[in-house]
Amino acid sequence: MAMLLAKLVFFFIFVTQTFTGLVQASDPDILFDYILPTNTTVADGNFFTHTKLRGFFDGGTDSKAMAASMAEFPALNGQSVSLSVLRLAPGAVSAPHTRPHSTGLFFVLEGLVEVGFVDTTNKLYTQSLQTGDMFIFPKGLVHYQYNPDSKNPATAVAAFGSASATTVSVPASLFGGTVDDVVLAKTFKTNVATIRKIKSGLQGKAAGARRLH
C-alpha cells in the first residue's frame, strides 16, 4: 500500500513539472484564477479538495474506474486538467475508446498493462507496460488497455489535458446506439444475425458492470 501511494505521489510530481509541454489545451483559457460554480460566492480549501478517490487503492481484484473531472470536481473548471484511476482485474480489458478533447498520459502504478492506439493512417502502436512505465495516448485516437496477467490485477492512473476529458466508447457507439443493423452488417461484411448477437452480448455486460475508462 505504501509503495503504491509513493508511486502515485511521484506521478503527480511528474505531471506538475511536465504538463506545460504536454498539453495543447483543448479547454478555453480563463481570465481568472479559478471559476466558482453558479450560486457560489466564496471558496475555501474544501472547494479545491477532492476526496472521492479515498479507498480506491485499498485492495481488491475486481475491475473498476473512477474519474476526477469537472463533473466530479468542480474546481477543475477552466484548469485544463483532470484524471482517472483504473484497476483492471486479471485478464480484463478496457475496450477501445477515444477521448476527442484530450491527450492522455497513462502511468502504471502496479501490475502489467498492454496498451495500444491506432493513428489516422490505421497504424497500430502497442506496448507492454510494467509498474512505473508511462505511455501517451494522442488526442482523439482510438486506444485500449488490457491486463494480460491471469492472476493479479493492474492499477493505473491517467492524466488529461482537459477538465472534461469525455470518453467515447467504440463498441457502445457502434453496437449500443441506434445505428441500423443492416448498415453495421454491411460495414463489417457479416449478417444481421451476427450484429444482433454482438449487441445482445454488449447489453448483457452493460447490465452487470460499469464501463471502464
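Things to note:
- Selection within region 59-118 - hydroxyl-bearing (Ser, Thr, Tyr) and touching a Leu at 6+ places or on another chain (Cβ under 7 Å): Ser63, Ser69, Ser82, Ser94, Thr98, Thr103
- Residue in region 40-52 that is in a loop (DSSP other than H, G, I, E, B), over 23 Å from Ser173 (Cα atoms) and of a type in the set (Lys, Arg) present: yes
- So Val183, is it loosely packed, with under 13 Cβ neighbours inside 10 Å and at pLDDT 95 or above: yes
- Scanning region 62-97 for residues that are touching a residue at least 40 places away in the same chain (Cβ under 8 Å), out of contact with any Lys or Arg (no Cβ under 8 Å at 6 or more places or on another chain), of a type outside the set (Gly, Ala, Ser) and surrounded by fewer than 20 Cβ atoms within 10 Å (Cβ to Cβ) yields Asn77, Gln79, Val85, Val93, Pro96.
- Test: residue in region 113-122 that is closer than 30 Å to Asp33 by Cα and of a type in the set (Ser, Thr, Tyr): no
- Selection of helices (runs of 4 or more DSSP H) fully inside region 135-210 by the criterion of at least 2 residues being of a type in the set (Val, Ile, Thr) returns 181-187, 192-208.
- Test for Phe175: is it of a type in the set (Phe, Trp, Tyr) and either modelled with pLDDT under 95 or outside the structural domain of Ala68 (by TED's automatic domain parsing) (or both): yes
- Condition met for Leu109 (modelled with pLDDT of 95 or more and more than 12 Å from the chain's Cα centre (by Cα)): yes
- Qualifying residue in region 160-175 (condition: without any contact (Cβ under 8 Å) to a residue 12 or more places away in the chain and not aliphatic (A, V, I, L, M)): yes
Conditions tested, residue by residue: (1) farther than 18 Å from Ala67 by Cα; (2) buried (at least 19 other Cβ atoms within 10 Å of the Cβ).
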| position | (1), (2) |
| --- | --- |
| Phe117 | yes, yes |
| Asn122 | yes, no |
| Leu129 | yes, yes |
| Phe137 | no, yes |
| Pro153 | yes, yes |
| Thr166 | no, no |
| Pro171 | yes, no |
| Phe175 | yes, yes |
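The values are calculated or read from the model by the stated rules, or taken from the named source; none is laboratory data. The structure displayed is predicted, hence computed values, not measured ones. Methodologically, a virtual Cβ is constructed for each residue, glycine included, from the backbone with ideal geometry; neighbour enumeration extends over all protein chains shown.
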